[in-house]
Amino acid sequence: MADLNDPATLPAAFDGADALFLLTPGIGLDQTRHAVAAAQAAEVRHIVHLSSANVLGDPMPAMGRWHHDREELVRASGIPATILRPGAFMTNALDWLPTIRADGFVLDPIGPGRYAPIDPADIADVAAVALTEEGHQGKQYVLTGEETLTVTEQTRTLAMAIGRHLDVRPVNSPEEAVRARFPHGAPPALAAALIEGFALMRADTIGFRTDTVRRIPGRAPRTFTEWCTRNAHRFVS
């Protein structure tokens, strides 16, 4: 089995591959280094790399700098690449599960802040087009949904989908928001980056959107209502 933490496991997995979709979790760079080296050795001809819209920040936040460093590793490989930079995922709502199941509420760390969450299925569709069609090498695509929403609005939509009233409670501190997402603790650097991210999201009361999904693969992005309807069972089981 291939393991991006163990370079010795990668040659067999990369053998015969001509394109690579690269998604590496966490905050380190080693997995990206290992994947890029294996791709070079296998003579992969195209990498579609999942980065983050955080790299567009000015100044760039910590979360963006980690993704930027990964992008640089991919570019330095010499392999033609397509960089995908999604904003917040709709699936981040799954972080609300513990408080919803225990007490019927959602913690809100961003108050009036708005953003346009994207369904990971839309990211997958864009990635598939970039991997299988010509003309995307060397491009960077920023991906969002079309609706800018507050946490309160998202909670209202989710409540309708699951047929249950849900309260929204502001966090008492940024640290409480981090604990809600990582109940067993987060590395200090990651915790600090999340707190920074919450502050930036709170300050953005407009939210930015892109038309990438309408252009590639050429349709409207899925809505948060659709995502909630499709995933309602995950909140009521």
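The values are calculated or read from the model by the stated rules, or taken from the named source; none is laboratory data. Everything numeric here is computed off the predicted structure, so don't read it as measured data. Note that we place each Cβ from the backbone using ideal geometry, even for glycine, and neighbour counts take in every protein chain shown. Remember, those area values only see protein heavy atoms, side chains included, never the ligands or the DNA or RNA. Shrake-Rupley method; radii C 1.70, N 1.55, O 1.52, S 1.80 Å.
Determine the order of HIS68, HIS233 by accessible area, beginning with the largest, at a probe radius of 1.4 Å.
On the way: HIS68 65, HIS233 110 Å².
The ranking, largest first, comes out as HIS233, HIS68.
Hey, what angle do you get for helix 30-41 against the long axis of the chain, alpha-carbon based, 0 to 90 degrees rounded to 10?
Here the helix axis deviates by roughly 30 degrees.
In terms of solvent-accessible area of protein heavy atoms at a 1.4 angstrom probe, what is the ranking of MET63, MET1, MET160, highest value first?
Ranking MET63, MET1, MET160 by accessible area, largest first, yields MET1, MET160, MET63.
Would you mind calculating the relative contact order of segment 2-147 from Cα pairs under 8 angstrom and at least 6 residues apart, reporting the percent as a whole number? Mind dumping the intermediate values first?
Values: 223 pairs, mean separation 33.7, N = 146.
It rounds to 23 percent for segment 2-147.
Does anyone have the angle between helix 188-203 and the longest principal axis of the chain? Alpha-carbon axes, 0 to 90°, nearest 10?
Taking the Cα atoms of the chain, the angle to 188-203 is about 60 degrees.
Where does helix 120-132 land angle-wise versus the long Cα axis of the chain, in degrees 0 to 90, nearest 10?
Orientation of helix 120-132: about 20 degrees from the principal axis.
Amide H of ASP108 versus every other amide H placed in the peptide plane: which residues, excluding those fewer than 5 positions away on the same chain, fall under 5 Å?
Distant-sequence amide H within range of ASP108: ARG169, VAL171.
Report, in whole Å, the centroid distance computed from the Cα atoms of segment 165-187 and segment 11-81.
Centre-to-centre distance over Cα atoms comes out at 30 Å.
Specify whether the C-alpha gyration tensor of segment 148-236 places it in the rounded, prolate or oblate class, a ≥ b ≥ c being the square roots of the eigenvalues: rounded for a/c under 1.5, otherwise prolate if a/b is larger than b/c and oblate if not.
The shape class here is oblate.
Counting pairs of alpha carbon atoms under 8 Å apart in space and at least six apart in sequence, what relative contact order in percent does segment 149-237 give?
For segment 149-237, the relative contact order is 41 percent.
Please give the calculated 222 nm ellipticity per residue for the chain, where each DSSP H segment of at least 4 residues contributes -39500 (n - 2.57) and the sum is spread over every residue; nearest 500 deg cm²/dmol?
One gets -12500 deg cm²/dmol as the mean residue ellipticity at 222 nm.
Which shape class, rounded, prolate or oblate, goes with segment 1-110 when its Cα gyration tensor gives a ≥ b ≥ c as root eigenvalues, a/c under 1.5 marks rounded, and past that a/b bigger than b/c marks prolate?
Numbers: a/c = 2.77, a/b = 1.76, b/c = 1.58.
Prolate is the answer for segment 1-110, as a/c is 1.5 or above and a/b outweighs b/c.
Choose one of GLY138, GLY64, LEU149: the residue whose Cα lies farthest towards the positive end of the charge dipole of the chain (beta-carbon charges +1 Lys, Arg; -1 Asp, Glu; about the Cα centre).
Going by the charge dipole, the pick is LEU149.
Shape verdict for segment 55-124, please, from the Cα gyration tensor: rounded (a/c under 1.5), prolate (a/b greater than b/c) or oblate.
The shape class here is prolate.
Identify the GluC sites (Glu not before Pro) of segment 86-148 meeting these criteria: DSSP loop state and at most 16 other C-beta atoms within 10 Å of the C-beta.
GLU133, GLU134, GLU146
Quick one: Cα centre-to-centre distance for segment 110-163 and segment 214-232, in angstrom?
8 Å
Round to the nearest 10 and report in Å² the accessible area of ILE162, as given by a 1.4 Å probe over the protein chains' heavy atoms.
20 Å²
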